[in-house]
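Structure record follows, encoded as C-alpha cells.
Read-outs throughout are calculated quantities, based only on the coordinates presented, and are distinct from any laboratory measurement. Just so it is clear, the structure is predicted and the values come from calculations on it, not from any experiment. Cβ sites come from the backbone with ideal geometry, for glycine too, and all protein chains shown count toward neighbours.
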C-alpha cells in the first residue's frame, strides 16, 4: 500500500493541503484501496490551525520521515504585505524552526520517498537550507526569495527534480497530486480522477532532461562567461575608489549592528577595512563569520551581498550609510520586505 503523508503546521494554507488530499483519496477509491492518505504533523496527532481564519484540521499522526511513499508539504496563508508576525515569511520561519526541518532533511535522504511541495512549501524547505542547488518552483510572488536561498527557480506549473516535486501557485496542488498519481498508479487512474473532478492538469512538467532550448543555452553560456570574468576581476583587483580617504574610510572599523527581520532581531558584528582603495568586510553572527561578497561604494552608501544561515538560509543584499558613529541601512532578499539595519561603531 502506497503511503501519503500530508504535513500540517500552524498557519498552513488550506487549499495547499486539501487539494492533494482529495486527489489522493479519489485515487485510493478508484484503484481499490492501494493508497493510505493521512494528515500528519512534526509533533504528532493534534488540531492544527490553518492560516485561513484559524480553521482547524485534525492531524491523525506524526510524520514518519523514513516511511516509503510520498510526503506533501504545503505552504502558508497569511499577510502578503509587510513583515509582521502573521506575514507568510514569518509563518514559514516558525514552521522551519520546529522539528519539521530535521525530519524533512531525513526524508529527502531516503531513496524510496518522494517529497512534494505546493506553493510556499518549497520556500519552507529552502529556508531551512534543504534545497540548495536544486530546481523548484513556488508562488510567483516568492520566486525571487526562492532564488535567494540558493535554489534554482524554474517558472513552471510543476517542476520534477527527482525525489523533489514542486508546484507553483495555490491550485497547483491538484497538478502535483495528479502527476504523482500517474507516476505511482499509472495514467488510467490519473485520468479517472481528472474526469471525476472535471479538472485537467495544466502545463508541461519541467524536468532537467532532453535538449535545452537554444536561447537558454546561449544565455547560460554568456552569463557563465560574464560571471567568470566578473569573479576574476573581483578576485584580482577588488573595488577601487577614486577617493578612499573621503569615501570608503567612513565605513572602516567594527560595528555592532541589529537587523530587524520578520522572524526576530539578529545581532551581527561587522568588521570593515580599506587598504589601497580596496574595501573588505566580514560579518559575524554568533560563532559564524562570513566575508562580504562584492562590496562597493555607490553614492556614499556601502553595498554588498552576504550568505546567512540563521535564522534561515538566504542571500541578502545590504545597503548602508554612516553618520559619525551611527550606521543605518537595509538588508533585503528578493521581494521580501526590507529589514532595517541599525548599528553603532565600536570605540
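For residue 299 and residue 278, the FRET efficiency from 1/(1 + (r/R0)^6), where r spans their Cβ atoms and R0 equals 22 Å, is about 0.70. Relative to the longest principal axis of the Cα atoms of the chain, helix 187-197 runs at roughly 90 degrees. Output the 0 to 90 degree angle, nearest 10, between the alpha-carbon long axis of helix 14-30 and the longest principal axis computed from the alpha carbons of the chain. Taking Cα atoms only, the helix is inclined about 30 degrees.
Regarding the range 252-295, what's the average projected area of the Cα-atom convex hull, expressed in nm²? List each step's numbers first, then the result.
Details: hull surface 14.2 nm².
Orientation-averaged projected area of the Cα hull: 3.5 nm².
Compute the relative contact order of the chain as a whole-number percentage, counting only Cα pairs closer than 8 Å that sit 6 or more residues apart in sequence. List each step's numbers first, then the result.
On the way: 762 pairs, mean separation 45.7, N = 347.
Contact order relative to length: 13 percent.
Given the -39500 (n - 2.57) contribution per DSSP H run of 4+ residues, what per-residue ellipticity at 222 nm results for the chain, rounded to the nearest 500 deg cm²/dmol? Mind dumping the intermediate values first?
Numbers: 8 runs with 97 residues, N = 347.
Value at 222 nm, helices only: -8500 deg cm²/dmol.
Of the beta bridges DSSP finds with both residues in the chain, what % are antiparallel, to the nearest 5? Can you show the working numbers first?
On the way: 58 of 84 bridges.
Here the antiparallel bridges make up roughly 70 percent for the chain.
Here, the range 54-174 is characterised by an Rg to Rh ratio of 0.94, where Rg is the alpha-carbon radius of gyration and Rh the Kirkwood radius.
Could you check how many percent of all C-alpha pairs in the range 248-345 are farther apart than 21 Å? Provide the component values of the computation, followed by the final result.
Values: 1107 of 4753 pairs.
Roughly 23 percent, rounded to a whole number.
Available extension along the chain between residue 132 and residue 289 is 54.5 nm, counting 0.36 nm per residue and deducting the alpha carbon span. Counted over the range 2-207, the DSSP beta bridges are approximately 25% antiparallel.
Relative to the first principal axis of the alpha-carbon coordinates of the chain, what is the inclination of helix 172-185, with its axis defined by its Cα atoms, in degrees from 0 to 90 and to the nearest 10? Tilt of helix 172-185: around 50 degrees. From the largest down, the range 2-207 spans 45, 35, 32 angstrom on the principal axes of its Cα atoms.
At full extension, residue 66 and residue 269 could sit 69.1 nm farther apart than now, given 0.36 nm per residue minus the alpha carbon distance.
Relative to the compact-globule estimate of 2.2 N^0.38 Å, the Cα radius of gyration of the range 35-96 comes out at 1.26. Size descriptors for the chain (Cα atoms only): Rg and Dmax, in that order, 23.0, 77 Å. Measuring between their Cα centroids, the range 10-86 and the range 126-197 lie 15 Å from each other.
The modelled label-to-label distance between residue 326 and residue 106, using points 7 Å beyond Cα along the C-beta direction, is 5.0 nm. Protection proxy ranking of 281-294, 91-104, 164-177, by the mean of other Cβ atoms within 10 Å over each peptide's residues and highest first, is 164-177, 91-104, 281-294.
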